[in-house]
Structures are given as structure tokens and as C-alpha cells.
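The values are calculated or read from the model by the stated rules, or taken from the named source; none is laboratory data. All values reported here derive from a predicted model rather than from experimental measurement. Every residue, glycine among them, receives a Cβ derived from its backbone with ideal geometry; neighbour counts consider all protein chains shown. Protein only, heavy atoms only, side chains kept; ligands, DNA and RNA dropped before computing areas. Shrake-Rupley method; radii C 1.70, N 1.55, O 1.52, S 1.80 Å.
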Amino acid sequence: MRTDIFARLDREPEPPKIEAPRMSRHRIALFGGTLAFYLAIVFAVLITSWLVALDWKVMLFRPYQQWPELHAFLDYYVVLGQRGPTAVMVACWLGWRSWRQHTLRPLLVLGTSLLLLNVTVGAVKLGLGRLGPHYATQIGSAEMFAGGDIFPSGHTANAVVTWGILAYLATTPRARRYLSAVSATVSLGVGLTTVYIGTHWLSDVVLGWAAGLLILLALPWFEPLITRTEAWIFAMREQWRERRGGARPAPVTGAAAPQPVLLPQSMATEGLAPGTVTAAAEPVLPAGHPATGSRARAHGGHPARPGGVPVAPTGVRRPPPHTERGARGSGSPARPMTGG
């Protein structure tokens, strides 16, 4: 017996009308504030401010030595921020949702966000070149432009973007609130786990949170491009289906074989000329047809039987001549009538 839970897993008959988020004033204000916070963190690290001193205090505290019992669990928990496993898990869920709702928007939004994440975070990582805590060379130094790639934290930014996409694509306000809380908890835990293990400075994690939030806030600007890309993909699919299952041209066949003409017996007794019967039996062929010459040679002259009766062409039934009856119009002797 089916329940409503299993019925909700069926494919919807048509795409649902889901309005994409727009770049409202509130969102623009949040984007501007987050961007200012992002630049402030970068500037504070570049000038080796109190934030760098806090990084060193946390690193020298060595949390993994203070609470060693958490190390085994957090080694697995930090995987929730790795790009490969998280992208596969979220892509599987969004792929099923795309199939169910007849739309490619969830997968396209995920692809767009990951592309923005790789470009923006990767460029800042390589440009600033900060070394991690395990590779630091001087206590109190910001370790900038030394060939590293840990500022901002990629694990943290990826956790914010990957799990935040689920809240961004939610179809109801209630689901959006719950998923926002879950994604914030996961990304916060992933960032602090990297500080616990000692792979990132605390400022790396803070900048990673800001970087991921900037990408989520900027996604409405890319919604028109996502819509055009989806329409183009569907158009290409329809063209491919038409080329694959289009109507095939009918094979060209030769001319139909001539069928024999059967004349009724009355036509032969009505005094028709032999040439008329022969012409009716022959099929009409266009000029220059290769069969005309051969047929003319085959039927050029019909040999006559003794007595002047021509031979009918093949396929024409012709009654034998009645020798006991005279031609039409000639007098015939009257039969004797009995009884008188």
C-alpha cells in the first residue's frame, strides 16, 4: 500500500514553477558588508596585525594535543569540506531532483557555484601565497608570499558553498531555514576542525567563511545566464532527437511491371481489329524507356495462323474463331421449325 511519502518520490508531470532568487536590496547590502569584511581580513593579515598574533596563539596552543580523544572523529568529519566527496554527494541529490522536476537548474547552479569557488578562492590562494602552521618559519610572522596556498581555507569555503546550495535551491521557506541552519553548522564545524588539526590558521578559516558566503550571495546575478544555458541544452537535445528519430526517405523502386490485360469475349466477337487488341494489351511506357525497344522487337510482328487469324499477344485471352457462324450482317439459313 502506497503512502504519501513514496508518492512524493514520483516524477512530477511538469516542471514546477519555482521563482529564482533575485538580487534584492537586502541581498546587495549583505554582499557589500561581507565583501568589506573579506577585504578587512586580508588587510589585517597583510599588515601583521593583532589577528596574526591570535593565529600564533591558537597554533601554539595545539588543540589536537589538548583534546586528543576527538582526533579520530574529526579526521572523518573534515571530509565534509573536501571538494571531491561533497560535490559527488550533492550532485547525486541534485541530479535526482533535476530528473524529477524536468529541469537542469539545480545542477547548473551547483556547477556555477563550484566554478566561481575555484576561480576566486584559487586566485587569492596563489596570489597571497601564505604558508600553513606546519610550515611556518618565524614566530609572529604572517608567512605571506612564501609559496603557500592556504589563505583562505578551501575546506571552509567549499563547505559553505556546497551545503549552502541546498538551502539556496530550497522550494519552501521552511526548508530554506532548516537547510540554512544545517549548512551553517557543517561549515562552521569543518572550519574549526582544520584549526584543531593544525592545517589552517584561524584567519584562514574566517576568510574562508566570508569567501563562501560571497559566492552564495552573488548567485542571483548568474541566474539569467543559467536560464539561457538550460534553454540551449534543451534545444540541442530536441534537435538531436529529431535527427535520430526523423522520417527516413522512402526507397526508390523501379517501374511497376506491366499487368496482362484480359479482354471480355464479347470484344473479340464485335469485329474489333487485331491491332486494337494488341494496343490495349501493351502498357503505356514513356518515351525513351529501355523496355520499349526490346518489347517492340519481341512483338513487332505477330505470326498469322493458317486461315488469316492473327496470334494474340501473350497475356490476352482471345476467343477462337467460330467457323460455323458467319460474320455479322450476313444472312444465315433459318432453322427448320418442328411442328409446322
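Which condition does residue 111 not pass, out of (1) part of a helix (DSSP H, G or I); (2) closer than 30 Å to residue 47 by Cβ, if it passes all the others?
Tallying (1) part of a helix (DSSP H, G or I); (2) closer than 30 Å to residue 47 by Cβ, residue 111 fails exactly one: (2).
Quick check on the stretch 85-127: of everything there that is of a type in the set (A, V, I, L, M) and in contact with an Asp or Glu (Cβ under 9 Å, 6 or more places away or on another chain), which residue is farthest from residue 213 (Cα to Cα)?
Looking at residues that are of a type in the set (A, V, I, L, M) and in contact with an Asp or Glu (Cβ under 9 Å, 6 or more places away or on another chain), I get 104.
For residues that are farther than 14 Å from residue 158 by Cα and of a type in the set (Ser, Thr, Tyr), scanning just the stretch 107-141, find the one that is most open to solvent (accessible area, probe 1.4 Å). Give the derivation first.
Step one: filter the stretch 107-141 for residues farther than 14 Å from residue 158 by Cα, giving 107-109, 123-124, 126-141.
The next check asks that each one be of a type in the set (Ser, Thr, Tyr); those that pass are 135, 137, 141.
Values: 135: 165, 137: 115, 141: 34 Å².
Only one residue fits best here, namely 135.
Residue 181 versus (1) touching a residue at least 60 places away in the same chain (Cβ under 8 Å); (2) in a helix (DSSP H, G or I): which is the lone unmet condition?
Just one mismatch for residue 181, condition (1).
Has the stretch 76-91 got at least one residue that is at pLDDT below 95, surrounded by 17 or more Cβ atoms within 10 Å (Cβ to Cβ) and not in a helix (DSSP H, G or I)?
Checked the stretch 76-91: no residue is at pLDDT below 95, surrounded by 17 or more Cβ atoms within 10 Å (Cβ to Cβ) and not in a helix (DSSP H, G or I).
From the residues in the stretch 145-177 that are assigned to a helix (DSSP H, G or I), closer than 20 Å to residue 92 by Cα and free of Cβ contacts under 8 Å to residues at least 40 places away in the same chain, which one is least open to solvent (accessible area, probe 1.4 Å)?
Checked the stretch 145-177; the qualifying residue least open to solvent (accessible area, probe 1.4 Å) is 167.
Would you call residue 56 open to solvent by 70 Å² or more (accessible area, probe 1.4 Å) and either out of contact with any helix residue (DSSP H, G or I) (no Cβ under 6 Å at 6 or more places or on another chain) or touching a residue at least 12 places away in the same chain (Cβ under 8 Å) (or both)?
In short, no.
Please name all residue pairs, on different chains or six or more residues apart, with Cβ atoms under 7 Å, provided the first residue is in the stretch 74-89 and is of a type in the set (Ser, Thr, Tyr) and the second residue is surrounded by 12 or more Cβ atoms within 10 Å (Cβ to Cβ).
77/189; 77/193; 86/80; 86/158; 86/162
Has the stretch 24-41 got any residue that is open to solvent by 80 Å² or more (accessible area, probe 1.4 Å) and farther than 20 Å from residue 176 by Cα?
Yes: the stretch 24-41 contains one or more residues that are open to solvent by 80 Å² or more (accessible area, probe 1.4 Å) and farther than 20 Å from residue 176 by Cα.
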